[in-house]
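Trainee: Dumping the structure here so I can ask a few things about it.
Coordinate-derived values only; no laboratory data. Treat the numbers as computed from the prediction; the structure is a model and nothing was measured. Positions of Cβ are backbone-derived with ideal geometry, glycine not excepted, and every protein chain shown enters the neighbour counts.
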Amino acid sequence: MKIEGYRLKQVQKLLYKDLIDDWDKATVLPLAMREKLKENFPLKIDYQLFEDGNAKKAVINLKDNSKIETVLMEHNSKRATVCVSCQVGCPLGCSFCATGRSFKRNLEVDEILQQVLLFSRYYRKPTNIVFMGMGEPFLNYDNVMKAIKILNDPNCFNIGARKISISTAGIIEGIKKFTNENNQVNLSISLHAPNDELRRKLMPVSNSYTIKELLKVVDDYISKTKRKVMFEYLLIKDVNDSIEHAKQLSQLMRKPLYMVNLIPYNSTGKFKRSLNVKRFKEYLEKHGIFTNQRYEFGHKIDAACGQLANRI
Ligand code: SF4
């Protein structure tokens, strides 16, 4: 079913601005069209909600019975972020990550958008979006970019590109493509280790390139876009949280427009939470690295970083 022209604009407004959840409410459309839409684009979202303070996690049951998770984080009255999934599971298998234990398939564009729609319709309209849920966004590149266009479109969700962030484990081809997108979407790199040997142990994806090669494409991105890049670093007890690791990391990160985001690890069984976060952060700051520590949401509902899919 193809919808074009002014009808497309009407349908987009109904879906993303009026947030209808039943085509019968779309009375501006002719009855025959509503009937077709009912058949082709069902609006019902099958989900279960778990809450923990200012975090809400939804487990969505997709049409093929796959389950994905998405989280709404309410920072304050002005800011709410949805953490979006882009795959069912993840094929990259990082050793510290609950999501990476299995992989089924990429999400379709409507399955990505459904996560934002759900919170917008029934809880709260988000101001920010992060592609940091289940899956690697650059392995589902085209669908993620199509979803971002709709999130950003003033006639649809109207979320500013600067309020949207993509986090990649470092898919080099994806970063190169993204460099040429010419949009204002933020880029984050999941680094998690300051040397190749350790990174290969934690993140099998890094068997195919070195940190040096990864940082080269990031530098190309920065020189073309003049935009900051956030490097995510999960602190795991006795794995990557020593002062020697902080020293190695500070040597890598001493560049303009590089920023480090420290994330205290949430135990998923094999690894433990670091007790060294404060010292690690202080070391980086003392050595001139712009360092942030991520505010944590949703421990009790397994909605914190690296915990999605724990219960599936
Ligand atoms: S950390 Fe990210 S890239 Fe690694 S397995 Fe988990 S979801 Fe995939």
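Trainee: Considering the alpha-carbon set of segment 28-88 alone, what are its Rg and its Dmax in angstrom?
Mentor: Rg then Dmax for segment 28-88, in Å: 15.7, 44.
Trainee: When Phe290, Phe157 are ordered from fewest to most other Cβ atoms inside 10 Å of their Cβ, what list results? Each step should come with its number before you reach the end.
Mentor: On the way: Phe290 15, Phe157 23.
Lowest to highest Cβ neighbour count: Phe290, Phe157.
Trainee: Would you list, by chain and number, the lysines whose Cα falls below 19 Å from the Cα of Lys38, excluding same-chain residues fewer than 8 positions away?
Mentor: Partners found: Lys2, Lys9, Lys13, Lys17, Lys25, Lys63.
Trainee: Further, regarding this structure: What is the packing order of peptides 77-85, 128-136, taking the mean over residues of other C-beta atoms within 10 Å and listing the highest first? If you can, show how the numbers build up before the last one.
Mentor: Values: 77-85: 19.8, 128-136: 24.4.
Those peptides, ordered most packed to least, come out 128-136, 77-85.
Trainee: Applying the Karplus parametrisation 6.51 cos²θ - 1.76 cosθ + 1.60 with θ = phi - 60° to the phi angles of segment 73-87, what ³J(HN,Hα) value in whole Hz is obtained for each residue in order, glycine and proline being reported as x?
Mentor: Residue by residue, segment 73-87 yields 10, 9, 6, 6, 5, 9, 9, 9, 10, 9, 8, 9, 8, 10, 9 Hz.
Trainee: I would also like to ask the following. Which of Leu191, Leu29 has the fewest other C-beta atoms within 10 Å, and how do the rest follow up to the most?
Mentor: Listed from fewest to most nearby Cβ atoms, that is Leu29, Leu191.
Trainee: Moving on. Using the 10 angstrom Cβ neighbour count as an exposure proxy, how do Ile45, Ile243, Ile263 rank, fewest first? Each step should come with its number before you reach the end.
Mentor: Numbers: Ile45 16, Ile243 12, Ile263 21.
With the fewest neighbours first, Ile45, Ile243, Ile263 line up as Ile243, Ile45, Ile263.
Trainee: Could you pull out which residues in segment 119-136 have an amide N less than 19 Å from a spot 7 Å beyond the Cα of Ser77, following the Cα-Cβ vector?
Mentor: Counting backbone N atoms under 19 Å from the label point, the list is 123-128.
Trainee: Hey, another quick one. With the calculation restricted to Cα positions, what are the radius of gyration and Dmax of segment 45-133 in angstrom?
Mentor: For segment 45-133, the Cα radius of gyration and maximum Cα-Cα distance read 12.9, 37 Å.
Trainee: Here's a follow-up. Quickly work out the Asp238-to-Ile45 label distance, labels modelled 7 Å from Cα along the C-beta direction, and quote it in nm with one decimal.
Mentor: For the pair Ile45/Asp238, the computed spacing is 4.2 nm.
Trainee: Taking the simple approach of a point 7 Å from Cα along Cα-to-Cβ for both Glu282 and Thr127, what is their distance in nm?
Mentor: Each label point lies 7 Å from its Cα, and together they span 3.3 nm.
Trainee: Additional query: Can you work out D for the chain in µm² s⁻¹ from Stokes-Einstein, where Rh is the Kirkwood radius over C-alpha pairs, the temperature is 37 °C and the viscosity is 0.692 mPa s? It would help to have the intermediate numbers written out before the result.
Mentor: Details: Rh = 20.4 Å.
Rounded, D is 161 µm²/s.
Trainee: Something else about it: Please compute the alpha carbon radius of gyration of segment 207-253, then divide it by the globular-protein estimate 2.2 N^0.38 Å. Two decimals is fine.
Mentor: Details: Rg = 12.8 Å, N = 47, 2.2 N^0.38 = 9.5 Å.
So segment 207-253 has a normalised radius of gyration of 1.35.
Trainee: Next question. When the gyration tensor of segment 92-151 is built from Cα positions, what are the square roots of 5 times its three eigenvalues, in whole Å, from largest to smallest?
Mentor: Details: eigenvalues 100, 40, 20 Å².
Calculated on Cα positions only, the semi-axes equal 22, 14, 10 Å.
Trainee: Based on alpha-carbon positions alone, could you give the equivalent ellipsoid semi-axes of segment 62-215 from the gyration tensor, as √(5λ), descending, whole Å? Working shown, then result.
Mentor: On the way: eigenvalues 139, 63, 42 Å².
In descending order, the three semi-axes are 26, 18, 14 Å.
Trainee: Also, I was wondering about something else. Between Arg7 and Tyr209, what's the calculated FRET efficiency when r is the beta-carbon distance and R0 is 35 Å? Round to 0.05. Let's see the in-between values first.
Mentor: On the way: r = 46 Å, r/R0 = 1.32.
Approximately 0.15, to the nearest 0.05.
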